[in-house]
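For reference, the structure discussed in these notes is given below.
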Amino acid sequence: MTTFVDRVELHIAAGNGGHGCASVHREKFKPLGGPDGGNGGRGGDIILTVDQSVTTLLDYHHSPHRKATNGKPGEGGNRQGKDGQDLVLPVPDGTVVLDKQGNVLADLVGHGTTYVAADGGRGGLGNAALASSRRKAPGFALLGEPGRAGDVVLELKTVADVALVGYPSAGKSSLISVLSAAKPKIADYPFTTLVPNLGVVTAGSTVYTIADVPGLIPGASQGRGLGLEFLRHVERCSVLVHVLDTATLESERDPVTDLDVIEEELKQYGGLEDRPRIVVLNKIDIPDGKDLADMIRPDLEERGYRVLEVSAVARTGLKELSFALAEIVAAARAAKPKEEATRIVIRPKAVDDAGFTVTQEEDGLFRVRGEKPERWVRQTDFNIDEAVGYLADRLNRLGVEEELMKAGARAGDGVAIGPEDNAVVFDWEPTLMAGAEMLGRRGEDHRFDAPRPATQRRKEREAQRDDAQREFDDFDPF
């Protein structure tokens, strides 16, 4: 059964915004009291946050589909819809967020670090918010905007100061078990360790973490064995420790060749050339192992390696090793630049930047792309002529019609607003007529300008009485 997962593909969908409400206030003696439709609520975001209590991506391996809640629609009486609840997903420290193409979106290091992986949709405006001096009684409201949805890849890169690398059964797990309180599974056959083990070591005043990287064999950087799955766990380390088996039972292997093979795999993987190295000759408690260590040590020191001889079983040479590692880790920490507070950079758009583009495609179709026009299209209910007319007014004020004319568009040409897979296409007519103009100016309701029926009947009766009185006064029987 899988207990450790360090790479998953997550299918996420933020919440949709709630629709706005189109409502008219009504009460006794006031049947048309004005628009009072409320705005829809915002959809919930999907947020990734680093949690120190989480050490694996196993939960997302079993449940890769995650969705935030939608915003509630607005209601009459100027009641706003409730916002959707954000979905917070805890991830281990050292998680990297990538898109499907492998581009890094975020590198989450440090407890509490957050990243909004998908934004919730905006809530639609109700007709009360759309009312103005020109549009006194809008008979429509805006739709809620869909939340962002897509796939992201989560990769876990262990946050450790020291990485132990070497062939299977070289003694890495045994070494980490005696240097720290970690209790990895240990056996005398290859690939006993199937997951990276992490331990905490205290040497004097320095406390650092140490991890072993399992499964490195020739061809690991190209995907052979388990090495490619775990090589990413050495990227964040400050020092690499080559653990060499001086008492190997395989006749075709020797410690120096093992070192060369592992170094070649690290070189092929890339990005680790600047890390300091220490060579640990393990299993010197065995007579043959001690003799072989004495033979190869001068050769390794000539190459520039710092060489230490240890025995995880007899617990010899461990103190010298732990303090040597602490010295390198402390120097690496001191060399790191001091962390500064994140600067908030505000880059306002140019005053004349309309925020959209108009291009003509090979088939003659004119395509409009831009945040504002695409959002307005998503929020428009095309079943309501007045809403379509309102969209046309907004696009005209933004300058879309003017840019279409500059691009050579003529009446009747096809115009698409949005991307190819999700666009609204229509035959363009300058100053778009949507049928709402038959009511007068778009969004106006002449019922508010006309007398109420009861008042009209009263005036008609008064006029009839006045006419009758004038006829009576003018009547002369003689």
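The values are calculated or read from the model by the stated rules, or taken from the named source; none is laboratory data. Given the structure is predicted, the values throughout are model-derived calculations rather than measurements. Methodologically, a virtual Cβ is constructed for each residue, glycine included, from the backbone with ideal geometry; neighbour enumeration extends over all protein chains shown. Heads up: the accessible areas ignore ligands, DNA and RNA and are worked out on the full protein's heavy atoms, side chains in. Shrake-Rupley method; radii C 1.70, N 1.55, O 1.52, S 1.80 Å.
Counting only strands (runs of 3 or more DSSP E) that fall entirely inside the range 84-184 and contain at least 1 residues that are under 16 Å from VAL213 (Cα atoms), the qualifying elements are 149-156, 162-165.
Residues of the range 361-394 that are surrounded by 15 or more Cβ atoms within 10 Å (Cβ to Cβ) and small (Gly, Ala, Ser): GLY370, ALA387, GLY389, ALA392.
Restricting attention to the range 259-308, the residues being over 48 Å from the mean Cα position of the chain (by Cα) and in contact (Cβ under 8 Å) with a residue 40 or more places away in the chain number 8. Taking first residues from the range 56-73 that are without any contact (Cβ under 8 Å) to a residue 60 or more places away in the chain and partners that are of a type in the set (Ser, Thr, Tyr), the Cβ contacts under 7 Å between residues at least 6 apart in sequence or on separate chains come to LEU58/THR2; LEU58/THR3; HIS61/THR2. Here the condition is being open to solvent by 60 Å² or more (accessible area, probe 1.4 Å) and either in a loop (DSSP other than H, G, I, E, B) or aromatic (Phe, Trp, Tyr) (or both); of ASP288, ASP294, ASP274, it holds for ASP274 alone.
Among residues of the range 318-355 being surrounded by 10 or more Cβ atoms within 10 Å (Cβ to Cβ) and assigned to a loop (DSSP other than H, G, I, E, B), the one that is modelled with the lowest pLDDT is ALA354.
The rows are residues; the columns are (1) assigned to a loop (DSSP other than H, G, I, E, B); (2) at pLDDT 90 or above; (3) open to solvent by less than 30 Å² (accessible area, probe 1.4 Å).
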{"residue": "ASN396", "(1), (2), (3)": "no, no, no"}
{"residue": "ALA411", "(1), (2), (3)": "yes, no, no"}
{"residue": "ALA416", "(1), (2), (3)": "no, yes, yes"}
{"residue": "PRO419", "(1), (2), (3)": "yes, no, no"}
